[in-house]
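Note sheet for the following structure.
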Amino acid sequence: MKHPAPYGTWPSPFTVEVVIGSAVSLSEVSVDGSDIYWLEGRPQENGRTVLVRRGNDGAVSDVTPPPFDVRTQVHEYGGGAYVVDRGRVVFSHKLDGSVWIIAPGADAKLVTRARDRRYADFRFIPGTETLLCVREDHCDRPPTDPEASIVALSVDGDPNEAGTVLVRGADFLSSPRPSPDGRKLAWLSWEHPDMPWDATCLHVAEVDDGLILGSSRTVAGAMPEAIVQPLWSPAGVLHFSSDRSGWWNIYREQDGVVEAVCPVDAEIGGPHWSFGQRYFDFLADGRLVANLSSHATTTAVTVDEAGFRPLGVGRAAECPVPFAGPDLAFAYVSVSVNRMPSVVLATLTDRRDATIEVIRAASPTVFPEADISVGEALTFATAGGSEAFAFWYPPKNGSFEGPEGERPPLVVMIHGGPTGMTSNTLSTRVQWWTSRGFGVVDVNYRGSTGFGRLYRQALQGEWGVADVQDCIAAASALAERGLVDPDRLAIRGGSAGGFTALAALTSSSVFRAGASLYGIGDLRLLAGDTHKFEARYLDRLVGPLPETDALYDQRSPIRHMDAMTAGVIFFQGLDDKVVPPNQARGMVEAMKAKGLPVAHYEFAGEGHGFRKAATIASVMELELDFYGRLFGFDPPSLSRRAAVSGAPRNGDD
């Protein structure tokens, strides 16, 4: 029998210690022979990212010892920070950008010292000691205009050498992929003001024995299309994903002809925020395996001209990585609506049934299904006769329920990007709220990925308008259906999601509270004080400067603090290069001047996105306590209480 208790006060199994203390993030699975590799982000080690291996004998061990942190800061968002080939591991060390190699049975050896250079997206030329990668050169360059190039590094060379340049000249370069015989090189490029999900080009050139490239040709990109993941088949046929049809689909180029492998109104691809993303791969029998996404739900499938067939291995965070050989075996990060992510080995016994071996779980804790709120797909009407999408999570706790006649508070969650997507795979950050008696709606507003190019482009010129309308419409729809309390609505977001949250709070009175995690308050400041990768992002989202100067003032929340009526809690990393800390400070001072409830927390050693366990724990508890102050409940068992200006708790001095 469940016990009635006010929403927001329910004791929860999703404690800070459970959510953070033993949890790790799992990503970038790869296979080398019979060994499986992956990256673990460990909050309990101050956010250090560790490369881990599961050997043929089943033993799991760390490949990179402290203090190595396997990350790269190319494009600031990184990705593609390691590669493994025939037992050799090459990786980027985040602290100084240096590149290292660990050969079987040997200690780590320096490949290049970096010296104001960053490296990512590593690939060996087959059968050689030569490593290809993207280099971002900050030497003698303006901070916002490093030079992009594709370089060759010798893993046995002088670590003072920075690499031999093979390709340069484009604003951005990505995905250097040598063909199986090493005689061709494919890569991607794009130019300002395009983002890689607006328009990219795919190039190919011959490579001679002296690492001299012949004349390149453009395989795709003459018309605006977003291309991701060039990949050579074992037979040497170039494949790639493009959204030229309106959906990211797989294409191949042979004898100068580009053709779709199996067209579908769904996505096999995504926005190129980071290097090394994997959406499809090749099986030993020549078929493709892929992650197919439709309406923010992914399915692992096999692909051939006859169509798509479910692989039968459940959901995967990225495309499962096949092992070489006749058996159908895959390694991947398994995700689910009711289980924590885990690195698994799946073996298909008869092309229908899979044997799943869990190698590493993100957390040792198994949560009872009675405590897990599963996201329900929500489609709702929004401004202009359009429709938008979200996942609705009702409050759920195996031991507690709300008092009769009371409706729960709502937290509106906004994914970052804004060119991104949220899914309903289990997130302890969502369950933190639902298990305490909050409803949560996680919005895939217009501009989100996973719904085709037209939906993604619906935010062009409308950032701060369409996304705000959709978040308000989602909250209003749930309130109108009697599912949440219309007087206790909160909105939260990080980075671009933080901008949407702040824009909603300064343009409407729907929400009573909000949280901004490294959120954007001043669009003009962002346009002039951000890194190269996103330096022209706002040209598409808002408009080019100076022609649309007035729009930047009109859309910037910091210019409309006089319209703010809600309370806001701000969280900011002091090392953030994407959204400088001064943006939050300006808004906090404006709110204090108005006497509005406001709290502000800055964290040393944190950048754009929090990694340290102590930081994440503080944010979770402080935000919950802040909402308790504004919504009239006292969350139990918190070790941290928010210092709020303008909203003393009952009994406070």
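The values are calculated or read from the model by the stated rules, or taken from the named source; none is laboratory data. Just so it is clear, the structure is predicted and the values come from calculations on it, not from any experiment. Every residue, glycine as well, gets a Cβ built from its backbone with ideal geometry; the counts of neighbours run over all protein chains shown. Side chains are part of the model used for accessible areas, which takes the heavy atoms of the whole protein and leaves out ligands, DNA and RNA. Shrake-Rupley method; radii C 1.70, N 1.55, O 1.52, S 1.80 Å.
Quick notes on this structure:
- The number of residues in segment 85-116 that are open to solvent by less than 10 Å² (accessible area, probe 1.4 Å) and either part of a strand (DSSP E or B) or touching a Cys at 6+ places or on another chain (Cβ under 7 Å) (or both) comes to 7.
- Scan of segment 520-548 for residues that are open to solvent by 60 Å² or more (accessible area, probe 1.4 Å) and more than 27 Å from V74 (Cβ to Cβ), ordered by number: P546, E547
- Meets criteria (surrounded by 16 or more Cβ atoms within 10 Å (Cβ to Cβ), touching a Lys or Arg at 6+ places or on another chain (Cβ under 8 Å) and either over 27 Å from T425 (Cβ atoms) or among the aliphatic types (A, V, I, L, M) (or both)) for V19: yes
- Identity of the residue in segment 176-188, open to solvent by 10 Å² or more (accessible area, probe 1.4 Å) and in contact with a Phe, Trp or Tyr (Cβ under 7 Å, 6 or more places away or on another chain), that ends up modelled with the highest pLDDT: R177
- Against the conditions (1) closer than 21 Å to V411 by Cβ; (2) among the hydroxyl-bearing types (S, T, Y); (3) modelled with pLDDT of 95 or more, S495 satisfies every one except (3).
For every residue, the table says whether it meets (1) open to solvent by less than 20 Å² (accessible area, probe 1.4 Å); (2) farther than 30 Å from D62 by Cα; (3) touching a residue at least 60 places away in the same chain (Cβ under 8 Å); (4) hydroxyl-bearing (S, T, Y).
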position	(1), (2), (3), (4)
A331	yes, no, yes, no
V335	no, no, yes, no
L345	no, no, yes, no
D353	no, yes, no, no
S363	yes, no, yes, yes
G385	no, yes, no, no
F391	yes, yes, yes, no
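- Here F308 meets the list (1) open to solvent by 10 Å² or more (accessible area, probe 1.4 Å); (2) out of contact with any Lys or Arg (no Cβ under 7 Å at 6 or more places or on another chain); (3) part of a loop (DSSP other than H, G, I, E, B) almost entirely, failing just condition (3).
- Conditions (1) surrounded by fewer than 24 Cβ atoms within 10 Å (Cβ to Cβ); (2) over 26 Å from R555 (Cα atoms): number failed by L454: (2)
- Test: residue in segment 289-298 that is part of a strand (DSSP E or B), over 18 Å from G450 (Cβ atoms) and open to solvent by less than 50 Å² (accessible area, probe 1.4 Å): yes
- Scanning segment 190-203 finds no residues that are open to solvent by 40 Å² or more (accessible area, probe 1.4 Å) and at pLDDT below 95.
- One residue stands out among those in segment 228-267 that are in a loop (DSSP other than H, G, I, E, B) and hydroxyl-bearing (S, T, Y): the one that is nearest to L454 (Cα to Cα), which is S245.
- Test: residue in segment 576-594 that is free of Cβ contacts under 8 Å to residues at least 12 places away in the same chain and either among the acidic types (D, E) or in a loop (DSSP other than H, G, I, E, B) (or both): yes
A quick yes/no check of all residues on (1) within 24 Å of R488 (Cβ to Cβ); (2) modelled with pLDDT of 95 or more; (3) crowded, with 18+ Cβ neighbours inside 10 Å:
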| residue | (1), (2), (3) |
| --- | --- |
| Q572 | no, yes, yes |
| V578 | no, no, yes |
| R585 | no, no, no |
| H600 | yes, yes, yes |
| G605 | no, no, no |
| K612 | no, no, yes |
| A617 | no, no, yes |
| L624 | yes, yes, yes |
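- Among the conditions (1) assigned to a loop (DSSP other than H, G, I, E, B); (2) in contact with a strand residue (DSSP E or B) (Cβ under 8 Å, 6 or more places away or on another chain); (3) at pLDDT below 95; (4) under 27 Å from S363 (Cβ atoms), the only one that C319 does not satisfy is (3).
- Just one of the listed residues (S507, S423) is open to solvent by 10 Å² or more (accessible area, probe 1.4 Å) and either touching a Ser or Thr at 6+ places or on another chain (Cβ under 8 Å) or charged (D, E, K, R) (or both), and it is S423.
- Put simply, of A290, A226 the only residue that is touching a helix residue (DSSP H, G or I) at 6+ places or on another chain (Cβ under 8 Å), modelled with pLDDT of 95 or more and aliphatic (A, V, I, L, M) is A226.
- Residue, least open to solvent (accessible area, probe 1.4 Å), within segment 24-48, restricted to residues that are part of a loop (DSSP other than H, G, I, E, B) and within 30 Å of L328 (Cα to Cα): V24
- Evaluated against (1) in contact with a strand residue (DSSP E or B) (Cβ under 8 Å, 6 or more places away or on another chain); (2) open to solvent by 30 Å² or more (accessible area, probe 1.4 Å); (3) farther than 27 Å from T419 by Cα, L630 falls short on exactly one condition, (2).
- Residues satisfying the stated conditions in segment 49-74, i.e. without any contact (Cβ under 8 Å) to a residue 24 or more places away in the chain, assigned to a loop (DSSP other than H, G, I, E, B) and crowded, with 19+ Cβ neighbours inside 10 Å: R71
- Among (1) of a type in the set (V, I, T); (2) under 16 Å from T382 (Cα atoms); (3) buried (at least 23 other Cβ atoms within 10 Å of the Cβ); (4) out of contact with any Leu (no Cβ under 8 Å at 6 or more places or on another chain) - the single one V441 does not satisfy: (4)
- Remark: R118 falls outside the filter, which requires a residue to be more than 30 Å from S448 (Cβ to Cβ) and without any contact (Cβ under 8 Å) to a residue 60 or more places away in the chain.
- Any hit, segment 388-407, residues being at pLDDT below 95, in contact with a helix residue (DSSP H, G or I) (Cβ under 6 Å, 6 or more places away or on another chain) and either closer than 30 Å to V228 by Cβ or not in a loop (DSSP other than H, G, I, E, B) (or both): no
- Looking only at segment 221-256, and only at residues there that are over 24 Å from P126 (Cβ atoms) and hydrophobic (A, V, I, L, M, F, W, C), the one that is most open to solvent (accessible area, probe 1.4 Å): A222
- Of the residues Y82, Y119, Y77, the single one that is closer than 26 Å to S149 by Cβ and surrounded by fewer than 19 Cβ atoms within 10 Å (Cβ to Cβ) is Y77.
- Residue list for segment 467-503, filter: of a type in the set (G, A, S) and either touching a Lys or Arg at 6+ places or on another chain (Cβ under 9 Å) or over 29 Å from P403 (Cβ atoms) (or both): A479, G482, A490, G493, G494, S495, A496, G497, G498, A501, A503
- Strands (runs of 3 or more DSSP E) enclosed by segment 127-175 - at least 2 residues per element that are closer than 24 Å to A199 by Cα and in contact (Cβ under 8 Å) with a residue 60 or more places away in the chain: 130-137
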